[in-house]
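The next block holds one structure in the form of structure tokens; read it before the comments.
The values are calculated or read from the model by the stated rules, or taken from the named source; none is laboratory data. What you see is a predicted model, and the numbers here were worked out from it, not measured in a lab. Cβ atoms come from the backbone with ideal geometry, glycine included; neighbour counts cover every protein chain shown. What goes into the accessible areas is simple: the full protein's heavy atoms, side chains included, and nothing from ligands, DNA or RNA. Shrake-Rupley method; radii C 1.70, N 1.55, O 1.52, S 1.80 Å.
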Amino acid sequence: MTTQSQAVDRELVQAAAHVARTRCRGDNHTVAAAARTPDGRIVTAVNAYHFTGGPCAELVLIGTAAAQGAYELDTIVAVGDRDRGIVPPCGRCRQALLDYFPALRVIVGEGDRVRAVRITDLLPETYVWADHQLGAEDAGPLGEG
């Protein structure tokens, strides 16, 4: 596996850090995410922690972006509250981000190791949900065709 780093969108990191500092309060909201759309807009969101497994900031951001008419994202980053810095996406988020945006760049790392990598570098040799759906409309109720 070759991980190719790309230029880091510092404005995006600053936007997520600002939301983490100003909007994450208490135990319910502890991580902020920011993503850039192809037309240059920045969309932000925070996680919605709940003991039943509330969604991470990256997953909330997918819905927030769609609600704003942004169905494509170029780059995403998550930042923890209390100045914890950049937080890499968990496994569930990696899979969801790959399924929604297979060409997405994700900002990861800390200090002088902050870099933007493709989502496929964070989840190599993965199950691709969209590939499994091909031809599903021609199949019967249990995939019989």
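How many percent of the accessible area of the stretch 3-140 is carbon or sulfur, using a 1.4 Å probe? Write down the numbers at each step before the final one.
Values: 3950 of 7740 Å².
C and S atoms contribute 51 percent here.
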Relative contact order for the stretch 1-105, counting Cα pairs under 8 Å that sit 6 or more residues apart, in percent: 26
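Sorting Glu11, Glu58, Glu125 by accessible area (1.4 Å probe), largest first, what list results? Can you show the working numbers first?
Numbers: Glu11 105, Glu58 10, Glu125 190 Å².
Ranked from most to least accessible, the order is Glu125, Glu11, Glu58.
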Can you give me the distance in nm between label points at Thr52 and Glu110, each placed 7 Å from the Cα along the Cα-to-Cβ direction? 3.3
Treat each spin label as a single point 7 Å out from the Cα along the C-beta direction, and report the Gln14 to Glu125 distance in nm. 4.1
Residue by residue through the stretch 52-67, which ³J(HN,Hα) values in whole Hz follow from phi under the Karplus form 6.51 cos²θ - 1.76 cosθ + 1.60 (θ = phi - 60°), with glycine and proline marked x? 7, x, x, x, 5, 4, 5, 6, 4, 5, 4, x, 4, 4, 4, 5
Among His29, Gly53, Ala70, whose Cα lies farthest out toward the positive end of the dipole of the chain, if unit charges sit on the beta carbon of Lys, Arg (+1) and Asp, Glu (-1)? His29
Among (i) 38, 33, 24; (ii) 53, 36, 28; (iii) 53, 28, 28, the entry that matches Cα extents along the principal axes in Å as calculated here: (ii)
For a quick check, take a GNM of the chain with Cα springs below 10 Å and name the residue from Gly40, Gly111, Gly63 with the largest mean-square fluctuation. Gly111
In debye, nearest 20: dipole of the stretch 40-103 around its Cα centre with unit charges on the Cβ of K, R (+) and D, E (-)? 140
Among Ala78, Ala67, Ala15, which one shows the biggest mean-square fluctuation in a GNM of the chain, springs joining Cα atoms closer than 10 Å? Ala67
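Over the chain, give the accessible area per residue in Å² for a 1.4 Å probe, as an integer.
Numbers: 8560 Å² over 145 residues.
Using a 1.4 Å probe on heavy atoms only, each residue of the chain averages 59 Å².
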Spelling it out for Gly54: with amide H atoms placed in the peptide plane at 1.01 Å from N, the residues 5 or more places away or on another chain with amide H under 5 Å from its amide H are none
Charges at C-beta only: +1 for Lys and Arg, -1 for Asp and Glu. How large is the resulting dipole of the chain about its Cα centre, in Debye rounded to 20? 760
Under a 10 Å cutoff between Cα atoms, tell me which one of Ala33, Ala116, Ala96 has the largest fluctuation in the Gaussian network model of the chain. Ala96
In sequence order, what are the phi-derived ³J(HN,Hα) couplings for the stretch 77-93 according to the Karplus relation 6.51 cos²θ - 1.76 cosθ + 1.60 with θ = phi - 60°, rounded to whole Hz, with x for glycine and proline? 8, 10, 10, x, 5, 6, 6, 7, x, 5, 10, x, x, 6, x, 4, 5
